[in-house]
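Notes follow once the structure below has been shown.
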Amino acid sequence: MKNLFQPEATNEILKRIDSLTPQSKAVLGKMNVMQGMRHIAMAFMIPTGELNPTISRVPPMPKWLMKFFLLNTKPPKERAETFVEINMVANNINPTDFETEKTNLKNKLNAFTTASSFLPENKLGGKFSKADWGKLNYNHTDHHLRQFGA
């Protein structure tokens with residue numbers, strides 16, 4: 001599984017972000033490309049404690065099992081639950097400047113990969129190491145870039 005603390009994985013993600021355009025359309029889900037970039041950028045703020053998200057619905061499984069799914073499987077294509085604060089559609093968050101969103105996303109990715117400390121626990125998956133955060137954030141970012149054909 002790829003991990004954002006592997007330079008080749010980070011470079012791959014950066015190239016895919018650069019391939020996005022204002023015309024990139026979602027192949028699934030309700031977000032537009034600018035909402036998607038804001039959503040991913042905000043998700044990078046969670047592992048460092050910069051954002052303390054609210055769980056919208058507690059999954060009906062133990063944290064150890066949720067951790068396994070978060071780190072080892074692709075997110076479902078159908079609508080998946082997200083944290084309240086980063087739900088762009090439900091919160092009617094509609095960014096309007098594509099280049100600002102792209103730059104912010106790349107900056108948040110860089111801040112994540114160079115951070116010196118990470119939360120010891122994921123609200124959904126329990127105990128998390130730095131490597132776990134790198135895998136989770138690769139999976140999440142990959143999922144949403146695929147959503148927009150990147």
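A short reminder: the numbers here are calculations on the coordinates, not readings from a lab. Keep in mind that what you see is a predicted model, and the values were worked out from it rather than measured. Glycine gets a Cβ as well: all are built from the backbone with ideal geometry, and neighbour counts include every protein chain shown.
Assorted remarks:
- Options T73, M42, N139, ranked by Cα towards positive dipole end of segment 7-147, top entry (Cβ charges): T73
- Taking amide H positions as modeled 1.01 Å from N, with prolines and chain starts lacking one, no residue 5 or more places away or on another chain lies under 5 Å from L28.
- Convex hull volume per residue in cubic angstrom - Cα atoms of the chain: 101 Å³
- Here segment 22-91 and segment 112-149 have alpha carbon centers that stand 11 Å from each other.
- Coarse-grained scattering of segment 43-123 at q = 0.11, 0.22, 0.27 Å⁻¹, given as base-10 log I(q)/I(0) from a Debye sum over alpha-carbon atoms: -0.38, -1.37, -1.40
- Between W64 and L119, residue separation times 0.36 nm minus the direct Cα-Cα distance comes to 18.1 nm.
- At R0 = 30 Å, FRET efficiency that the Cβ-Cβ distance of A111 and V89 yields, to 0.05: 0.75
- Using C-alpha pairs under 8 Å with a sequence gap of at least 6, the mean separation divided by the residue count of segment 7-147 gives a relative contact order of 39 percent.
- Between the amide H of N122 and those of K127, F128, distances stay under 5 Å, these residues lying 5 or more places away or on another chain, with hydrogens modeled in the peptide plane.
- Sites N52 and T73, calculated FRET efficiency, Cβ-Cβ separation with R0 25 Å, nearest 0.05: 0.45
- Stretching K25 away from S129 to a fully extended chain increases their span by 34.0 nm, per 0.36 nm per residue minus the current alpha-carbon distance.
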